Structure formats: C-alpha cells, structure tokens
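See below for the structure under consideration.
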Amino acid sequence: MPIHGRTIEHSLSIAAPPERVWTALTDIRELNQWETTEAHLDLRVGGDFLYVFEYGPPRPGTFLAIDPPRRLVQLNQVYNRDRSFRYVNSVTLSPTPVGTQLDVLVEGFGDDDVERWLCESMDLGWEGDLKLLKAWLEQGRDLRSEVWPGLYMGVAYLSEPGGGIRLLEVFVGAPAYAAGLRPGDVILCLDGEAVEDFRGFRRLLGGYAIGDTVTLDYVRDGTAASVTLTFADAVEAETARAAREQAAAEASSARP
C-alpha cells in the first residue's frame, strides 16, 4: 500500500530518459495530450500552476523547487466546501540503464476524516496519472478514457476499518442520493462482490460503464439494506455543477 501514515509514496520505471520525462511533465502542450485538458505553468520557484482535468477538481498551487531534469516540488491547494488544505508533492527523476526511475512523495495530510479521504483520493490519483505517463512515453497512447472511465455516483468516501467504505458526503440530486444513500452509510458489496476498502471499491468500478445499474449492499446504524444505482456521466455532472456555481455567482454579484 503506497500510503504510509500521512504520506503517499509511488515509484515507477519508465523506458525514457529523464529529459524526456521532464518534458512530458512540464510542457503544457504535451500535458494536454496525456493528463490535463488545460494547464497553466509559470515554471519558476514561486511561480503558480493550475492543472484542469476532465474528471475531478482543478489543482492549483505554487512551485517550491525546480531542478530540471531531476526534481520538481509543488505546494498544492485543495478546496472542499468551507475548508482549504495544503500538501507538498516531490517528483524525483533518476537515470537508470533502461531509462528513468520516477519517485513521488506527497506529504502534509492530517488525521480527520476529510483529510483521510483526501489522502486516499490523491494516492489513487497519482497511481492513475503515473499509468497515463508511462503509456504516453513508452507507447504514445492516451489512456485517460481507460484509467478514468467517468462514472458518477455523487459521493465522497473513505476506507472503513474492518472492510467496506463509509460515505462522508452524498450530493443532493446525484445518483447515490436518488438511490437513498446517505452520509454514514457503509457500503459492503457491489453486485455481490465484497468491497475491501477505498482502492478495492475503485477496482470494482473499473468493470462498469456510464449507464450501468448496480446493486449496493450497505449498513446504516447497524441495519443491513440494499439499493440499486445507475451510474451517470462525470463530465456532464461536472459541467452542470460548474454552471450552477456560475449562475449563483452572477446572481450574487447582481444584488444591490
């Protein structure tokens, strides 16, 4: 498991020299071909960056260290409702006989439920991004649609001790909310398959597509129950959310 306490660690061997890997990580035109839909990088110490993805929230922050083609350190900002979080990720590139050893270290997570969710989410996010990077550099393939299938349930969750996942948030109007799920529910099975933890649930989701309907077995306040849920499209959901926020901001600014 890459998570160690309040840090995340990943390592990857890539059949490409460090200079090539560095370019894939820092050239905006190339980033948009394998990871982001939009990127803004002021590539200097103290410079700002913004990564925009097809799925999930954008990632803004500041560069803390830049040593091409060896090391990149970033201070990241994450916003969740009325809270903001800061964490630091370091990417180190080392030459090897077959190409590059890439090591990632992410630090700065706290111990409460929201930060545990953030840590588990970022851990899986880095794992997926490294798969994308390796496929792009070694095969010239954009694997985003395979690594991130775009399923939308409308929940935030984290691993539950003893097995399963516990729902932290269930967004009003989302498929999970319509199915009757609520914060605090512990999901134990997906279509009869046991849910081990956060990663295990995400692995099971990899076998489904947008529009598929599944059965979720869960426990609420000690009582077992089941619901059916149909996966929506994450891109459509994110577009609708952004439109609502824009409309709310415009309405607020228009008030006398």
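If the condition is being among the small types (Gly, Ala, Ser) and modelled with pLDDT of 95 or more, then region 80-109 contributes SER90, SER94, GLY99.
Kindly indicate which of THR7, THR62 is β-branched (Val, Ile, Thr) and modelled with pLDDT under 95. Show your work before the answer.
Details: THR62 fails: modelled with pLDDT under 95.
Sole residue among the options that is β-branched (Val, Ile, Thr) and modelled with pLDDT under 95: THR7.
Within region 84-132, can you find the residues that are among the hydroxyl-bearing types (Ser, Thr, Tyr) and either surrounded by fewer than 17 Cβ atoms within 10 Å (Cβ to Cβ) or outside any helix (DSSP H, G or I) (or both)?
Just the residues of region 84-132 that are among the hydroxyl-bearing types (Ser, Thr, Tyr), to begin with: 84, 87, 90, 92, 94, 96, 100, 121.
Answer for region 84-132, where residues must be among the hydroxyl-bearing types (Ser, Thr, Tyr) and either surrounded by fewer than 17 Cβ atoms within 10 Å (Cβ to Cβ) or outside any helix (DSSP H, G or I) (or both): SER84, TYR87, SER90, THR92, SER94, THR96, THR100.
When region 136-166 is filtered for residues that are in contact (Cβ under 8 Å) with a residue 24 or more places away in the chain, of a type in the set (Gly, Ala, Ser) and over 19 Å from GLU238 (Cα atoms), the ones remaining, listed by number, are SER159, GLY163, GLY164. The residue that is nearest to ILE187 (Cα to Cα), counting only those in region 205-229 that are aliphatic (A, V, I, L, M) and touching an Asp or Glu at 6+ places or on another chain (Cβ under 6 Å), is VAL214.
Of the residues making up region 181-222, those that are hydroxyl-bearing (Ser, Thr, Tyr) and more than 18 Å from LEU168 (Cα to Cα) are TYR208, THR213, THR215.
Of all the listed residues (GLY46, GLY61), the sole one being part of a strand (DSSP E or B) and either in contact (Cβ under 8 Å) with a residue 12 or more places away in the chain or surrounded by 14 or more Cβ atoms within 10 Å (Cβ to Cβ) (or both) is GLY61. Does region 32-42 include one or more residues that are free of Cβ contacts under 8 Å to residues at least 60 places away in the same chain, outside any strand (DSSP E or B) and at positive phi? Within region 32-42 (the criterion being free of Cβ contacts under 8 Å to residues at least 60 places away in the same chain, outside any strand (DSSP E or B) and at positive phi), the answer is no, since none of the residues qualifies. When region 167-177 is filtered for residues that are part of a helix (DSSP H, G or I) and either among the acidic types (Asp, Glu) or without any contact (Cβ under 8 Å) to a residue 40 or more places away in the chain (or both), only TYR177 remains.
Here's the yes/no breakdown for (1) within 22 Å of the chain's Cα centre (by Cα); (2) surrounded by 15 or more Cβ atoms within 10 Å (Cβ to Cβ); (3) modelled with pLDDT under 90; (4) not assigned by TED's automatic domain parsing to the domain that holds ASP112:
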residue: GLY154; (1), (2), (3), (4): yes, yes, no, yes
residue: TYR157; (1), (2), (3), (4): yes, yes, no, yes
residue: PHE171; (1), (2), (3), (4): yes, yes, no, yes
residue: ALA174; (1), (2), (3), (4): yes, yes, no, yes
residue: PRO183; (1), (2), (3), (4): yes, no, no, yes
residue: ILE210; (1), (2), (3), (4): yes, yes, no, yes
residue: VAL214; (1), (2), (3), (4): no, yes, no, yes
residue: VAL219; (1), (2), (3), (4): no, yes, no, yes
residue: THR230; (1), (2), (3), (4): yes, no, no, yes
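The values are calculated or read from the model by the stated rules, or taken from the named source; none is laboratory data. Computed from a prediction, not measured in an experiment: that's the story for all the values here. Because the Cβ atoms are built from the backbone with ideal geometry, glycine has one as well, and the counts that use them run over all protein chains shown.
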